[in-house]
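Here, each number is a calculation from the coordinates, and none is a lab measurement. What you see is a predicted model; the values in this text were computed from it and never measured. Ideal geometry is used to build each Cβ from the backbone, glycine not excepted, and the neighbour counts take in all protein chains shown.
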Amino acid sequence: MSNIIRWEPAREMMTLREAMDRLFDDAFTRPLSLTGSNWSVPAVDMYQTDNEVVVKAALPGIKADEVQINVTGEVLTLKGETRQGNETKEQAYHIREQRWGTFQRSLVLPTEVIADKAKADFENGILTITLPKAEEVKPKTINIKTK
């Protein structure tokens, strides 16, 4: 025999005060997590042309020699570290969204590439990696002969 419990919507509803308390508690006591949100570090755009795969990564405040790029099979990995600037105890932050520390981002490439012929350029905080496609995956044109 099962017990029937009467549902009371008023009991299930959270008061505005409870909701605000929970919001502030979450915002100020929990560390910011990037895994459960839409944010990724670094932000990346990836596209392909007929002959290459291009990856652009936004890395503001990072020097080119602080970034490591690896291609293993079909996975491109970016690693690096952002360093925190000088901080004094007298600062009272109102908003603090800049992140620092180590980062790693791995991306599955959409096609086979020739990693040995890849090029990387770094300008104005944007890292551009150009990876030539492997010959066997490049589109081929077949000419039709007429008789």
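Shape of segment 41-137 from the C-alpha gyration tensor: prolate (a/c of 1.5 or more and a/b above b/c, with a ≥ b ≥ c the square roots of its eigenvalues).
Put in line by how crowded their Cβ is, counting other Cβ atoms within 10 Å and starting with the fewest, Val54, Val108 read Val108, Val54. Listed values for segment 59-67 are Karplus-derived 3J(HN,Hα) couplings in whole Hz (6.51 cos²θ - 1.76 cosθ + 1.60, θ = phi - 60°), namely 10, x, x, 10, 8, 4, 6, 9, 10, and x replaces Gly and Pro.
Evaluate the charge dipole of segment 41-137 about its Cα centre and quote only its size in Debye, nearest 20, assuming +1 on the Cβ of each Lys and Arg and -1 on the Cβ of each Asp and Glu. Let's see the in-between values first.
Values: 11 positive and 16 negative charges, 94 e Å.
Dipole magnitude for segment 41-137 comes out near 460 debye.
Relative contact order for segment 41-137: what is it in percent, counting Cα pairs under 8 Å that are at least 6 residues apart? For segment 41-137, the relative contact order is 34 percent. With 25 Å as the limit, the listed pairs Lys63/Lys138; Lys79/Lys140; Lys117/Lys138; Lys63/Lys133; Lys56/Lys79 have Lys63/Lys138; Lys79/Lys140; Lys63/Lys133 beyond it between alpha carbons. Amide H contacts of Ile126: Leu59, each under 5 Å away and 5 or more positions distant or on a separate chain (H built 1.01 Å from N in the peptide plane; Pro and chain starts excluded).
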